[in-house]
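So the structure is just underneath, and the comments pick up after that.
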Amino acid sequence: MDTELSEISSFIQSIPPFDSLPKPTLARLISELSINYIRKGETLPPKGINEPRLYIVRKGALSCIANDGELVSRLGEGDLCTEFCKQSLQASNSDKPKIKRQVSTDEDTLIYSLDCEILRDIGDKYPSISDYFSNNSAERLKQKMSKVNEDAIISSTLMNTSVSNFYHSPVAGIDASQSIQQAAKQMTEQGFSCLVVLDNKTSVGIVTDKDIRRRCVAEGLPISASICEIMTRDMSTIDIKSNAYDALMAMTAKHIHHLPVTKQGEVVGMVTVTDLINNEGHNAVNFSSIIHKAKSLIELKEISKLLPKLQIRLAKLGASADHVGKSISAITMAFTKRLIEMAEERYGQAPVPYAWLAAGSQARQEQLAHSDQDNAIIICDSMKPYDDAWFESLATFVCDGLADCGFIYCPGDIMATNPKWRQPMRNWQQYFDDWVDTPSPKALLNSSVFFDLETIYGDVSLLNTVRKQLLKKTSGNSLFIAHLSKNALGLRPPLGFFRDFVLKQNGKHKATLDLKHNGIAPIVDLARIYALSQGISAVNTIERIQQAAGTAAITKSSAENLIDAYEFLGILRVKHQAKKLVQGLEADNYLSPKELSKLEREHLKDAFKVIKTLQDSRQANF
């Protein structure tokens, strides 16, 4: 192979999805490539090319512009322009209108191109190729999220713990004579995601909900067919004497989620990846127990030093961002409650009932290690003016204690030490009424923080009463929701890629992406808008989206896509922060695209596209 061909081959096989092709097929693909050089300002396809082709940017940059003139995407080195193959497929389907977008060069550009018919032929033989090009951003992201978990380094806890501590028993079984439909009904009724298939009480296979999707629904197999037609016959198992680490390694190696546990050759239980990951959640419970027993602030400060280690451990295990956030938030809550108890021991009981509130990410149970504080106090309306001295002492003791434990003071002074956020219930109700009735920029800013509240300690009825009144005012209040939406849409994902992503241009975080403000925060904002518009009391972002799914605010499919995007961005953030913490650095949200593989960058673009689509949908409503 000459030098030029070798260079082309190395380049193509580094690009998803071609990196999964066997060498002979890859060699065929490369032999079919055409090479074109296009001057700045010219459009695709190049002169002389009439048939639909896939274009691969080797050098230079392309812009894809929609009919309304909006920039859809910018493509740089290694990116694929699929517009013309898509149009070819759409043109062959009379039920779908042909969508035209103009693709032009932003600078002198060298491109490789491949006839779409050849691409289609390769895709027929290798479904991973056809899936990649036939799926949209949301579908590709969903596939990615379905595979995320088990491949991380496992905590030593699992190596020293028997699998017998994790498995569920008895195993749910189904007779081999039953149909696929009967299996699905049994799974639904019993709440199981898998069943062991039995023939005369002997295990002959296993069937999972994934098997029903892939081997029945996707293949068009009738649901009346026997369960044996879709079950996995060579069922992997693990002996009850094995450790949990061996179980997870077996599931990882074989890309399975369920593993039957045997005793003397007989199936006695089932262990799942989720069971093992959730084990780490018990660490949060143990953590909280130790915090509750602390006798002094000095002890709490020592315990708090372990918090980053827990985040690192969870990240290595492959726990979801939702799981990490809930674990860390639970521990932060434990620190707060213990400090309040210490304050009450020092200053005596409160003069009137009150509720200590967490705001922002802690209230949403989405906090990571040593975030800044966001808190407030609602006090019973029976308080007297002189009672505030006690609550001021409480707020100072707790906020200073949290700061000593690594939870820095809120830069915006959204803390109970600020008298404005330490008020009787009637004043809080007035705050919310004013913010909704007069949605000024400052009111909307306060809304983004204080519409996410949760009681950490004290009388929960105080916040519940305020929230109930708030949701009555926001539900169906189209004017307020429109103002809130307009304000929230100021944070946009960096979709104006030039060669890659729009990055920070200067300062400490130069050439990085702000995952929090340009990715996660827009989803949090959307979820809050959905909840307020539909009168949903949930505060956690995923729970808000799930409960809003199927309402006038968001469709079920869009909700699923948004959760996928949120979880993917969250996982990137958790892993990035864990890497920083391992290096002894301060955790932040600024990710360099250089830290990501080519495929991860593509998934990140898919996540941003999902967010933009739903932001555009929201914008169209006002």
Taking θ = phi - 60°, what integer Hz values does the Karplus form 6.51 cos²θ - 1.76 cosθ + 1.60 yield along the stretch 521-532, in sequence order, with x for Gly and Pro? 4, x, 6, 4, 5, 4, 4, 5, 4, 4, 5, 5
Would you mind pulling out the separation of the Cα centroids of the stretch 300-363 and the stretch 448-490, in Å? 23
Quote the FRET efficiency, to the nearest 0.05, computed for L5 versus S226 with a Förster distance R0 of 56 Å and r equal to the Cβ-Cβ distance. 0.65
How big is D, in µm² s⁻¹, for the chain by Stokes-Einstein at 25 °C and 0.890 mPa s if Rh is the Kirkwood radius over C-alpha pairs? 89
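Expressed as a whole percent, how much of the Cα-Cα distance distribution for the stretch 291-407 exceeds 18 Å?
Taking all Cα-Cα pairs of the stretch 291-407, the fraction more than 18 Å apart is 53 percent.
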Average Cα contact separation per residue, the stretch 327-471, under 8 Å, 6 or more apart, as relative contact order %: 34
With +1 on each Lys and Arg Cβ and -1 on each Asp and Glu Cβ, how big is the dipole of the chain about its Cα centre, in debye rounded to the nearest 20? 480
Part-to-part distance (alpha-carbon centres) for the stretch 156-219 and the stretch 555-616, which is given in Å: 32
For a quick check: with amide H placed at 1.01 Å from N, whose amide H comes under 5 Å from L453's, ignoring anything fewer than 5 positions away on the same chain? none
Which of A355, C228, I331 sits closest to the plus end of the dipole of the chain, meaning its Cα is farthest towards the positive end, when Lys and Arg get +1 and Asp and Glu get -1 on the C-beta? A355
At a 4.7 angstrom Cβ threshold, list every cysteine in the chain that has nobody to pair with, or say none. C64, C81, C194, C216, C228, C380, C399, C405, C410
Cβ-based exposure ranking for K486, K305, in which fewest neighbours within 10 Å come first: K305, K486
When R618, R213 are arranged by how many other beta-carbons sit within 10 Å of their Cβ, fewest first, they go R213, R618
With runs of 4+ DSSP H residues as the only contributors, calculate the mean residue ellipticity of the chain at 222 nm using -39,500 (n - 2.57) per run, divided by the residue total and rounded to the nearest 500. -14500 deg cm²/dmol
In order over the stretch 566-574: 3J(HN,Hα) from phi, Karplus 6.51/-1.76/1.60, θ = phi - 60°, whole Hz, x for each Gly or Pro, gives 4, 5, 5, 4, x, 5, 4, 5, 5
Expressed as a whole-number percentage, the relative contact order of the stretch 532-622 with C-alpha contacts under 8 angstrom and at least six residues apart is 23
For the chain the mean separation of alpha carbon contacts under 8 Å (6+ apart) over residue count, i.e. relative contact order in percent, is 12
Hey, with R₀ at 30 Å, roughly what FRET efficiency would S20 and D106 work out to, going by the Cβ-Cβ distance, to 0.05? 0.50
How would you rank 532-543, 184-195, highest first, on the average number of other Cβ atoms within 10 Å across their residues? 532-543, 184-195
Skipping prolines and chain starts, which residues have an amide H placed within reach, meaning under 5 Å, of the one on T262, given they are 5 or more residues away or on another chain? I238, D239, I240, V268
Taking R0 as 41 Å and r as the Cβ-Cβ distance between E32 and R213, the FRET efficiency 1/(1 + (r/R0)^6), rounded to the nearest 0.05, comes to 0.75
What is the order of Y55, Y112, fewest Cβ neighbours within 10 Å to most? Y112, Y55
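Quick note: the coordinates plus some simple rules give every number you see, no bench work behind them. Just so it is clear, the structure is predicted and the values come from calculations on it, not from any experiment. Glycine also receives a Cβ, built like all others from the backbone with ideal geometry; neighbour counts cover every protein chain displayed.
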